[in-house]
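First up is the structure itself, then whatever we jot down about it.
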Amino acid sequence: SFDFIYDTVQSIKTKDCKNNESYSKISWNNKDFHIESYSGVRYPYYFGGIINTVSYEIYFFVMFFNSFLSNTTHGVLYEWLRKEKSMIYEIFDSFYFNKKYGYWYIGLPMNNRNEVEFVRNNLYEKINISLKDEKKIQAEINRIKYSRLFKLQTLKSILNTAEDSILTVNRIVSEKEFINLLNKFLDTSFIMSMYNKFYSKDNIGEVGIFPK
């Protein structure tokens, strides 16, 4: 198990080394919705946020919420825009963290400008409704638990999982802590508190990438 490997690795004698890492602060060039041009034919719409305080809890929430919105099993935006509206075939999502800063974004490759405006006008109402849907929240918790099994199948995957947490929060996160944090998402007040800090409309930036 992860905890067994964790305890074993902890027993290995190590030598402290000076860390000369430095990180440039991430900031907005233009947070308000604006349009950039490109040579393609689709109308991608991106929205995202910048994180200026890093903790494992924040990292975990971004991982959870990006997936909650975009995964192709039961993601809120995927079900809405792919299954219900037939406007898109895929969703792009990404996030990045170092020990000081982070960011996340979600990209929706729309077909025209009207679809982009439709999404912008209805996006946050759709998200707010989903935050009160306990079945959707539970489904995402279960999906993450099941997918975690594949990340812990081999020694290499276990060490890679440990490395990810070291690179982000400078320590190994135990499996017990992972499960305890995941279970916090059963508490609606916890989700709303984190959502209001990092995903609410006032905290995001938006851009449309439209054909020339």
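For Ser55, what charge total do you get from the other residues with a beta carbon under 15 Å from its beta carbon, if Lys and Arg give +1 and Asp and Glu give -1? Around Ser55, the surrounding residues sum to +2. Counting only protein heavy atoms and a 1.4 Å probe, tell me what percentage of the stretch 161-212's accessible area is made up of carbon and sulfur. C and S atoms contribute 52 percent here. Probing with 1.4 Å while keeping every protein chain in the model, the per residue accessible area of the chain equals 58 Å².
Only residues of the stretch 45-79 count here: report those whose backbone N is under 15 Å from the spot 7 Å along Cα→Cβ of Lys100, or say none. Residues 51-55 fall inside that zone. The angle separating the long axis of helix 188-198 from the principal Cα axis of greatest extent in the chain is about 70 degrees. Only protein heavy atoms count here; under a 1.4 Å probe, Arg171 has an accessible surface of about 100 Å².
Excluding same-chain neighbours fewer than eight residues apart, the lysines reachable from Lys145 by a Cα-Cα span under 22 Å are Lys132, Lys135, Lys136, Lys156, Lys176, Lys184. Roughly speaking, to the nearest percent, how much of the stretch 35-159's 1.4 Å accessible area is carbon and sulfur? On the stretch 35-159, the fraction of accessible area on carbon and sulfur atoms equals 49 percent. Please give me the summed charge of the neighbours of Ile141: other residues whose Cβ is under 12 Å from its Cβ, Lys and Arg +1, Asp and Glu -1. Local net charge: +3. Angle of helix 56-70 to the longest C-alpha principal axis of the chain, folded into 0 to 90 degrees and rounded to 10: 40°. Take the Cα of Arg143, step 7 Å toward its Cβ, do the same at Lys83, and the gap between the two points is 0.9 nm. Axis of helix 155-169 versus longest Cα principal axis of the chain: the two differ by about 70°, to the nearest ten degrees.
A straight line joining the Cα centroids of the stretch 74-97 and the stretch 103-158 runs 7 Å. Solvent exposure of Ser193, expressed as accessible area, is near 50 Å², computed with a probe of 1.4 Å over the protein chains only. Calculated [222 nm] ellipticity per residue, helices only, for the chain: -14500 deg cm²/dmol; basis is -39500 (n - 2.57) per DSSP H run with n ≥ 4, divided by all residues, nearest 500.
The values are calculated or read from the model by the stated rules, or taken from the named source; none is laboratory data. Just so it is clear, the structure is predicted and the values come from calculations on it, not from any experiment. Note: ideal-geometry Cβ built from the backbone for every residue, glycine included; neighbour counts use all protein chains shown. Accessible surface is based on the protein model in full, side chains and every heavy atom, while ligands, DNA and RNA are left aside. Shrake-Rupley method; radii C 1.70, N 1.55, O 1.52, S 1.80 Å.
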